[in-house]
Amino acid sequence: MSANVPEPPGTAAGDASARPRRRARWWWGAAVVTALVVGVLLLRVWGNGAGGSTLPSLVDTGTGLLTPGPSPVTGSPTFDATTLDSLFVTAQTLEEALPGAADGIEEVGQGAVPWGLAAGEQVSPESCTVAATVVMGPPAAFDQRSWGNEQVVFVQQVTLLESTAAAEDAFRTLVTVVDGCPEYRILGADGEAQVIASPALEDQGFFPSLAQAVDVTSPGASPQAQFHGHLLVGNVIVTWTASVDAGDDPVRARQQLGSEADLDAMMQEQARAAAALP
């Protein structure tokens, strides 16, 4: 797990003694699940689609079941390992979108992060594993970047599939699994994280997407209040998580993160730019 945890700003790599214990725990609490793609989504709605495919959008029937909605629009971007970089937001973008980042935020934890669960980690119940890994097996390519300051942490991940059809299939599987996993635990050598998600909010942007509020607790760490979301962008699933120490009032703490709608709009804009869409 430690290989997946971004270091706090200003901490030299390998200098564990320079990091206060509570601050280390705060960053671990913010990253422990996001490093695993934080698959906590109650993916009950897709939003308007984007892609030349037969992938249906999904609407919330109020029964907890996913029902096919209107077909998506045509025109699907395709990425490869050399163009994934264009999907990532920048520190400047985050400073404009997250209230808690307005005074500055910097990229942390540079370096390759492997996809999937770390050695010795497991999801309980096991049937929720795909909710934590997004896809069932190693993707064609995977990348992750993290930004942080003393107030907030933002983690973005991109999971590349072999084709748009494969990404759509993976998203369908993800929907099926996480719809039955509103709450689960990630067990590992560093402790146990409990993940509880609120119902997802559908976005009406160009790409199928959703966002929701998430609460993460783990022994010895500060509770985390998060906003979390996914976008399906052609043959890529983009995942993002914004985190803040929950304190005694998670709702108030989340004010440092803005809103689900604002963060989703930020990601939609970045995806459209990456796909060279107007």
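Filtering ALA253, ALA261, ALA211, ALA221 for residues that are of a type in the set (Gly, Ala, Ser), touching a His at 6+ places or on another chain (Cβ under 8 Å) and more than 19 Å from THR90 (Cβ to Cβ) leaves a single hit, ALA211.
The one condition from (1) open to solvent by 50 Å² or more (accessible area, probe 1.4 Å); (2) modelled with pLDDT of 85 or more; (3) not aromatic (Phe, Trp, Tyr) that LEU231 does not meet is (1).
Matching residues to (1) open to solvent by 10 Å² or more (accessible area, probe 1.4 Å); (2) of a type in the set (Gly, Ala, Ser); (3) closer than 24 Å to SER146 by Cβ:
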position: PHE171; (1), (2), (3): no, no, yes
position: THR176; (1), (2), (3): yes, no, no
position: ALA200; (1), (2), (3): yes, yes, yes
position: GLN212; (1), (2), (3): no, no, yes
position: SER222; (1), (2), (3): yes, yes, yes
position: ALA225; (1), (2), (3): no, yes, yes
position: VAL236; (1), (2), (3): no, no, yes
position: LEU257; (1), (2), (3): no, no, yes
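Listed here are the residues, each with its yes/no results for (1) open to solvent by less than 60 Å² (accessible area, probe 1.4 Å); (2) of a type outside the set (D, E, K, R); (3) at pLDDT below 90.
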position	(1), (2), (3)
SER71	no, yes, yes
ASP80	no, no, no
LEU87	yes, yes, no
VAL108	yes, yes, no
VAL152	yes, yes, no
SER163	yes, yes, no
GLU168	yes, no, no
ILE186	yes, yes, no
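So, ASP143, is that one open to solvent by 30 Å² or more (accessible area, probe 1.4 Å), in a strand (DSSP E or B) and either in contact with a Pro (Cβ under 9 Å, 6 or more places away or on another chain) or in contact (Cβ under 8 Å) with a residue 40 or more places away in the chain (or both) or not? When the stated conditions are applied, ASP143 passes them. Residue count for the range 95-109 satisfying the condition of being free of Cβ contacts under 8 Å to residues at least 12 places away in the same chain and part of a loop (DSSP other than H, G, I, E, B): 1. When each of ASP248, ASP262 is tested for being charged (D, E, K, R), farther than 30 Å from ALA165 by Cβ, over 17 Å from the mean Cα position of the chain (by Cα) and at pLDDT 90 or above, the lone residue that passes is ASP248.
Looking at SER127, is it under 27 Å from ALA261 (Cβ atoms), open to solvent by 20 Å² or more (accessible area, probe 1.4 Å) and among the small types (Gly, Ala, Ser)? No: the conditions fail for SER127.
Scanning the range 112-123 for residues being surrounded by 11 or more Cβ atoms within 10 Å (Cβ to Cβ), assigned to a loop (DSSP other than H, G, I, E, B) and not β-branched (Val, Ile, Thr) gives a total of 6.
Among the residues of the range 188-210, those that are more than 22 Å from THR164 (Cβ to Cβ), small (Gly, Ala, Ser) and at pLDDT below 90 comprise GLY188, ALA189, GLY191, ALA197, SER198, ALA200. Could you tell me how many of the residues in the range 189-198 are buried (at least 19 other Cβ atoms within 10 Å of the Cβ) and more than 14 Å from the chain's Cα centre (by Cα)? Looking only at that region, the number is 2.
Selection of the range 234-253 for residues being in contact with a Phe, Trp or Tyr (Cβ under 7 Å, 6 or more places away or on another chain) and more than 14 Å from GLN156 (Cα to Cα) yields GLY234, ASN235, ASP245.
The values are calculated or read from the model by the stated rules, or taken from the named source; none is laboratory data. Bear in mind that the values here come from a model prediction, so they are computed numbers and not experimental data. Neighbour counts are summed over all protein chains in view; Cβ atoms, including those assigned to glycine, are modelled from backbone coordinates with ideal geometry. Surface accessibility is based on the protein's heavy atoms, side chains included, excluding ligands, DNA and RNA. Shrake-Rupley method; radii C 1.70, N 1.55, O 1.52, S 1.80 Å.
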